[in-house]
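This report concerns only the one structure given below.
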Amino acid sequence: MQEEVENRTVNLAITTTKLSFRSLYAAYMKYRHYRSERKTVKEQKKAQKAKERSEIHGKQSVKDLVGQNQGVSNMEIAKTDLKGFERVTRKYGVDYAIRKDPSQDPPRYIVFFKARDADALTAAFKEYSAEVMRKEKRPSVLKQLKKFKALVASIPDKVRNKDKEHAL
């Protein structure tokens, strides 16, 4: 079994009326042509995949982002607002990769990003920071709910007398 793996063989079937060196040579040349065509097809597919990988936009791995040979920047972001960040970056066509840094407690999330033009990047981060500031200014729904519960509890209940008088 091991010998079969080590020694690769090729089976070539030829149908001919007279087996000659010329027919063997022609079969061998056809086989070489077939192998070279397969090799070029594989190389084309590999090149196509590399091209597709470089054309990926939006969320991607850090390796793919760095592999595009453009400047990559990074910033720290809170875990709670990753969806909002992803929505803004998709809107402006910014490529990014999110990496979790578990060495700290609580873990930090670092976002690596790049864009083809700096204006799109600054606009995206301006909108994202404005959205974060707007969310911080908004009052908490839970605090409002507690306030209203206390208000309702302070209202005196109606005294209901359930005794019914029976008249003769």
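The values are calculated or read from the model by the stated rules, or taken from the named source; none is laboratory data. This structure is a prediction, so every number in the text was calculated from the model and none was measured. Backbone-built Cβ (ideal geometry, glycine too); neighbour counts: all protein chains shown.
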Within region 124-149, residues being modelled with pLDDT under 85 and under 18 Å from Asp95 (Cα atoms) number 4
| On the given criteria, is Lys49 at pLDDT 80 or above and under 30 Å from Ala118 (Cα atoms)? | no
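Residues checked against (1) surrounded by 16 or more Cβ atoms within 10 Å (Cβ to Cβ); (2) under 18 Å from Met75 (Cβ atoms); (3) of a type in the set (A, V, I, L, M, F, W, C); (4) in contact with a Gly (Cβ under 6 Å, 6 or more places away or on another chain):
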{"site": "Arg90", "(1), (2), (3), (4)": "no, yes, no, yes"}
{"site": "Ser103", "(1), (2), (3), (4)": "no, yes, no, no"}
{"site": "Tyr109", "(1), (2), (3), (4)": "yes, yes, no, no"}
{"site": "Phe113", "(1), (2), (3), (4)": "yes, yes, yes, no"}
{"site": "Tyr128", "(1), (2), (3), (4)": "yes, yes, no, no"}
{"site": "Arg134", "(1), (2), (3), (4)": "no, no, no, no"}
{"site": "Arg138", "(1), (2), (3), (4)": "no, no, no, no"}
{"site": "Leu142", "(1), (2), (3), (4)": "no, no, yes, no"}
Of (1) out of contact with any strand residue (DSSP E or B) (no Cβ under 6 Å at 6 or more places or on another chain); (2) under 19 Å from Gln68 (Cα atoms); (3) aromatic (Phe, Trp, Tyr), Phe112 fails just (1)
Listed by first then second residue, the pairs whose first member lies in region 54-83 and is on the phi < 0 side of the Ramachandran plot and charged (D, E, K, R), whose partner is at pLDDT 70 or above and part of a helix (DSSP H, G or I), with beta carbons under 9 Å and at least 6 positions apart or on separate chains, are Lys59/Glu86; Lys59/Thr89; Lys59/Arg90; Asp81/Tyr128; Asp81/Glu131; Asp81/Val132; Asp81/Lys135
By residue number, the members of region 66-80 that are modelled with pLDDT of 70 or more and within 14 Å of Arg108 (Cβ to Cβ) are Asn74, Met75, Glu76, Ile77
